[in-house]
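So the structure is just underneath, and the comments pick up after that.
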Amino acid sequence: MQTEWMYIGLFLVVGALIPAAAIIVAAILSPRKPNPIKESTYECGIETVGENWVQFKAQYYIFALIFLVFDVETVFLFPWAVSLNQLGMFAVVEGIIFIGILMAGLVYAWRKGMLEWV
Amino acid sequence: MIPLSWYLILSAALFAIGLFGVLSRKNAIAILLGIELMLNAVNINLVSFWRYNDPTRIDGQVFAVIVFAVAAAEVAVGLALVISVYRRRNTVVADEIDLMKW
Amino acid sequence: MDSFFSNPVTDWLSGVFTGWGMNPDAAHVLTAFIAILLLITVVMVLDIFLVWTERKIVARFQDRIGPNRLGPFGLIQPFADIIKLIIKENIYPKGVDKIVYNLAPVIMMMSVLLLWAVFPLSPILFGVDLNVGVLYLIGVGSLGTLSIIMAGWSSNNKYALLGAFRQVAVMISYEIPMVVALLIPTILSGSMGINDIVWAQDVWYIVLVPLGFILFLISATAELGRAPFDLTEAESELIAGHHIEYSGMKFGLFYASELLHTFTFGGFIAAFFFGGWRGPGAETYPILGLFYFLIKATIGYWLFGWIKYTLPRIRIDKMMDLNWKFLVPFSFALLVFVALTNALLADFVGSWIYWVGMLLSNLLFGWVTMEILRRRARGEREKVEGVQPVAEGGH
Amino acid sequence: MECREKIMTAMQIIFGITAAVMVGSAIMVVTTKNLIHAALWLIVTLFGAAVLFATLNAGFIAVIQVVVYIGAIAILFIFAIMLTRREKGDTGPGLNRGWWLSAVIAVVVFGGLTWLLQGWDGLSKAAPALGPSFDSVGLLAETLVSPEAFVLPFEVASVLLLAALVGAVYIAFQRKGEE
């Protein structure tokens, strides 16, 4: 178990080093002649107007929030799915109740019109 | 083997740093970041106690999973409150949100 | 079972290192390091050829020939591309957050390479046999999401930020149906390990749960950010999404990681639904398993390409509607349904009754869903048609 | 036996590096002015915690840490920071006037906790060895769902998540006509 995770860790290190090496090699080999026009922010050829920091609407947060709740639900559903074969019908009913309760949340958000993007 | 004390001291350190963040940050979201650190310290404790006591009793891991759910609920509601306050009063500085103070 | 890190070859190699007077653990780590380096090099070379394949496929779909000048069939073209990317000027736009800006493509590529750590290539050739493999897949995917946010935020560009946020909103939304689609093989095989899932597929899961396969295909397409869900490449509105300000090798990494990600997901589709490396004689001759697996993975990859070059892009609000109002409820209903049928047919596991029962119940579920959708569509059409005479009167 | 001890030393080195990174990034979380940077440092800390869970043989918890904290909670934080900011970077000091008092309290808490731990005799206990067939994921799965153990918390968790979803969505939702 621990050795498996050590391999994963090693993989992570190598997997980060190789792209990093690619960027570093490119940075060494490539020319560098900066000028203000070249470094300006890209905006379809016109001059950048106003702050680069735009205000976002709350809809992004709503979706991230619903996602968070369902993501945590998977924490519980994966053990449930693994033990389903051993525990049989009881576990299935349990899972149905669990999913049903959460679906109520989705239905609530839906009925309140919170799932509309616009 | 790593002694149990290492984990516990690390988690105590994280807890203290999180506490400092909660007490001293001005921004309400930064305060929530500090709370996340504290919850993580708790999780490290739970899992290391599970590992060092009796791994065949899985309770520690179950508690950790429940802590995940609680942390998610806390963050969701906390950040929603911050956003709601920001929309009404245009600030996220905790000191200025003193409507309920009096 | 052997794995990529401890098999006769690596044992022999670490034996050689030990013979040179190295301590056994260090030799083991060094061997694993070499194995990983080798695997990643092979993957990167594969990635270079994927660039060529992608360009050839898109050319064929658009009735062109594609790269054909450099070398036979233009095979040397991707190498020329790489040389160009390496010697391109290294531009830092005004106001970028340099560390985060450079870290984003690295994390992106790393998140794709990490998937190969659990890739089941053949019965004896795989990375780590994690017992939480499926969840590992999702966790690594979330690193990719993170890198998109980092790229968009650090670029100091409105469009990059907006594109990144849209992309992330889509990715996290479609992650829910994907997770549920992955729960279905987990239920059927009773394990989260990818190897266990492959071993459990006496009958391919695409036969048992075709709807699960379709669900996974749709959500994986969105997760990969490919058409019809490639919002960030909506050139007319968002230019290029999170990687507008990237050029040279950093852009190259984003591009290469997208292609490799697609191929990797083709492989996971093969592992979860097409029986992985399984096929006649694969268990006795593992090399045959590798062959089968690569063919299946290529079919999966080609499937993504087919979808990408056939369907037009979908608007973001339609995409969100599709996910939250159809795919999420549908996926959970399917999950419950599969769990229920699986429990009801538990006595027949391994016999043809189970397989036919699963398939028929799945088809029934799909038919009922289609019928409900058809009814709703008809109702909405009638609503629209009721208004139409007024519109026609204007002509 | 000797070989085994060397692996343990390797584990200790890994633990040391992870702990140093975690403490450093945690300090950055509570002191950085730029909130996005604070959130990114928090992600580093959380990733470190995932590594620690892996060293503790809790693979499931480690993966869940990445899925839930990095994949969802951190992203929620970043979204919230984006929503509540009008200009890039923070203006004014990030810490309030009494920050030194908070620092003293934090140090006292840390000192108190370590002092308490020192007096406890269970501290030097070695971790029990796990057999090769020990499957903590399967065990966790059975315990979490089985009727004799944690079935009630399992269901209550879903109620908790439902309450959080309904409450948070209700609070954050911008009704029509508002602003």
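The values are calculated or read from the model by the stated rules, or taken from the named source; none is laboratory data. Just so you know, these numbers come straight off a predicted model, no measurement behind them. All Cβ positions, even for glycine, are placed from backbone atoms using ideal geometry, and neighbour counts span all protein chains on display. Surface areas here come from the heavy atoms of the whole protein model, side chains and all, with no ligands, DNA or RNA. Shrake-Rupley method; radii C 1.70, N 1.55, O 1.52, S 1.80 Å.
Before moving on, here are some points about what is shown:
- A Förster radius of 25 Å, combined with the Cβ-Cβ distance separating C:THR298 from C:VAL203, puts the computed FRET efficiency at roughly 0.70.
- Sites C:LEU360 and C:VAL58 - FRET efficiency at Förster radius 51 Å, r taken between beta-carbons, to 0.05: 0.85
- D/B buried area, accessible surface, summed, 1.4 Å probe, Å²: 7100
- Solvent-accessible surface of the protein assembly as shown, averaged per residue with a 1.4 angstrom probe and all protein chains in place: 41 square angstrom.
- Extended-chain gain in nm, criterion 0.36 nm per residue less alpha-carbon gap, C:GLU283 and C:LEU30: 88.1 nm
- Classification of the protein assembly as shown by its C-alpha gyration tensor yields a rounded form. The axis ratio a/c (a ≥ b ≥ c) stays under 1.5.
- Within the accessible area of chain C (1.4 Å probe), percent carbon and sulfur: 69
- The alpha carbon centroids of the range C:336-364 and the range C:98-167 are separated by 36 Å.
- Protection proxy ranking, peptides C:241-250, C:288-297, D:137-146, average beta carbon neighbours within 10 Å, highest first: C:241-250, D:137-146, C:288-297
- Chain C - convex hull of the alpha-carbon atoms, volume per residue in Å³: 191
- Computed packing ranks the peptides B:33-46, C:48-61 as B:33-46, C:48-61, most packed first, by mean other Cβ atoms within 10 Å.
- For the segment C:148-158, counting C-beta atoms of other chains within 10 Å of every residue's C-beta and taking the mean gives 4.
- 10 Å binning of all Cα-Cα separations within the range C:121-169, expressed as whole percents from 0 upward: 24, 33, 20, 18, 5
- In order along the range D:99-115, phi translates into HN-Hα couplings of 5, 5, 5, 4, 4, 4, 4, 4, 5, 5, 4, 4, x, x, 5, 5, 5 Hz, rounded to whole numbers, per the Karplus curve 6.51 cos²θ - 1.76 cosθ + 1.60 with θ = phi - 60° and x for Gly and Pro.
- Residue by residue along A:98-108, Cβ atoms of other protein chains within 10 Å of the local Cβ number 6 on average.
- Per-residue shielding of C:336-348, expressed as the average number of other chain Cβ atoms within 10 Å of the residue Cβ, stands at 4.
- Buried between A and C is an accessible area of approximately 6700 Å², summed over both sides with a 1.4 Å probe.
- In Hz, Karplus ³J(HN,Hα) per residue of the range A:79-86 (6.51, -1.76, 1.60; θ = phi - 60°; x = Gly, Pro): x, 4, 5, 5, 8, 4, 5, 7
- Size descriptors for the range B:4-96, from the alpha-carbon set: Rg then Dmax equal 16.0, 52 Å.
- Across the range C:133-138, computed HN-Hα scalar couplings (Karplus, 6.51 cos²θ - 1.76 cosθ + 1.60, θ = phi - 60°) run x, 5, 5, 4, 4, 5 Hz from first to last residue, x flagging Gly and Pro.
- Look at the Cα gyration tensor of the range C:1-84: its axes a ≥ b ≥ c give a/c of at least 1.5 with a/b over b/c, and that counts as prolate.
- The residue among C:ILE269, C:GLY19, C:LEU345 whose Cα reaches farthest toward the positive pole of the charge dipole of chain C, with charges on the beta-carbon of Lys, Arg, Asp and Glu, is C:ILE269.
- Distant-in-sequence amide contacts of B:ASN27, defined by a placed amide H-H separation under 5 Å and a gap of 5 or more residues or a different chain, comprise B:ALA94.
- Normalised by residue number, the volume inside the convex hull of the Cα atoms of the range C:35-99 is 152 Å³ per residue.
- Förster radius 51 Å - calculated FRET efficiency between C:GLU385 and A:VAL25, Cβ distance, rounded to 0.05: 0.20
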